[in-house]
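Values quoted throughout were computed directly from the atomic coordinates according to the rules given, and no laboratory measurement underlies them. From a predicted model like this one, the values you see are computed outputs, not experimental measurements. Neighbour counts are summed over all protein chains in view; Cβ atoms, including those assigned to glycine, are modelled from backbone coordinates with ideal geometry.
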Ligand code: ATP
Ligand code: MG
């Protein structure tokens, strides 16, 4: 009898996100630096900062291949976000940055993506969309200092693969699609 396990199909832990340009990344990182002395915890590495649009979790490579042509033909307009609201979630001790005023184009983009996932039969986390950039983990929250708001011109979105390393999560940008 063979003592080797059958080969495992490749799976990736995936999510769609807005992935910042370098200037936006620096600005987001500065807000993390501003919040950190007040809320404690661990700052996210600058290279991990992003805004999740839809979380797919583990997906076989073949499901991913079936999904991508749908995303290729999705057309959505570029938009500007103003990230001016620091928030803290007690249930997971995350300190984050979001928008005081909900962004309709952002919500519409997340909903378009989720619609494509549904149509393609790709499972995803269907919890309500709570747009945020995670800046601190294991934070304590409290009164938020005043930090400089971040203007983010979103001109594309990305499919990201997540790996967990000894020093926290690492994200690989697999593919980007322009917002036009
Ligand atoms: P780690 O889980 O390794 O500590 P992480 O949470 O940053 O790190 P992932 O769990 O792969 O990495 O999550 C990637 C992104 O998707 C993060 O922005 C995370 O907040 C978000 N996310 C993770 N799980 C879910 C979920 N069930 N629903 C919605 N978004 C999620
Ligand atoms: Mg996680």
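Mean sequence separation of contacting Cα pairs (under 8 Å, at least six apart), scaled by the length of the chain, corresponds to a relative contact order of 34 percent. Rounded to the nearest 0.05, the FRET efficiency derived from the C-beta distance between residue 11 and residue 85 at R0 = 35 Å is 0.50. Once the chain from residue 68 to residue 173 is taken as fully extended at 0.36 nm per residue, the excess over their C-alpha distance is 36.4 nm. Sorted fewest first by neighbouring Cβ atoms within 10 angstrom, 177, 39 come out as 177, 39.
Indicate the gyration tensor shape class of the stretch 86-158 (rounded, prolate or oblate), computed on the Cα atoms with a ≥ b ≥ c the square roots of the eigenvalues: a/c under 1.5 is rounded; otherwise a/b larger than b/c is prolate and the rest oblate. Taking the square roots of the gyration eigenvalues as a ≥ b ≥ c, the stretch 86-158 is oblate.
Axis of helix 22-39 versus longest Cα principal axis of the chain: the two differ by about 60°, to the nearest ten degrees. Against the chain, whose longest principal axis comes from its Cα atoms, helix 61-72 is set at around 60 degrees. Seen against the Cα atoms of the chain and their longest principal axis, helix 104-120 is set at about 20 degrees. Summed over qualifying helices (DSSP H, 4 residues or more, each -39500 (n - 2.57)) and divided by its residue number, the chain shows a 222 nm mean residue ellipticity of -8500 deg cm²/dmol. Shape class of the chain from the alpha-carbon gyration tensor: oblate, with a/c at 1.5 or above and b/c at least as large as a/b. Which residue, 80, 116, 62, tops the fluctuation ranking in a GNM of the chain built on C-alpha contacts under 10 Å? The residue with the greatest mean-square fluctuation here is 62.
Given their separation in residues at 0.36 nm each and the Cα-Cα distance between them, residue 58 and residue 76 gain 3.9 nm when the chain is fully extended.
Each of 160, 94, 71, 180 was scored by other Cβ atoms within 10 Å of its Cβ. Listed from fewest to most, they are 180, 71, 94, 160.
Comparing 115, 41, 32 in a Gaussian network model of the chain where C-alpha atoms under 10 Å apart are linked, the largest mean-square fluctuation is found at 115. What base-10 log of the normalised intensity I(q)/I(0) is obtained for the stretch 100-142 from the Debye formula, alpha carbons as equal point scatterers, at q = 0.28 Å⁻¹? The Debye formula, applied to the Cα set alone, gives -1.03. Counting neighbouring Cβ atoms within 10 Å and putting the fewest first, the residues 170, 91, 36, 50 line up as 91, 170, 36, 50.
Have a look at 20, 105, 131 and tell me which one the Gaussian network model of the chain (Cα, springs below 10 Å) gives the largest fluctuation. Comparing 20, 105, 131 in the GNM, the peak value goes to 105. Estimated from the Cβ-Cβ distance and a Förster radius of 30 angstrom, the FRET efficiency linking residue 21 and residue 144 is about 0.75.
Does the stretch 6-60 come out rounded, prolate or oblate by the C-alpha gyration tensor, with a ≥ b ≥ c the root eigenvalues, rounded set by a/c under 1.5 and, if not, prolate when a/b is larger than b/c and oblate if not? Judged from the Cα gyration tensor, the stretch 6-60 comes out prolate (a/c at least 1.5, a/b above b/c).
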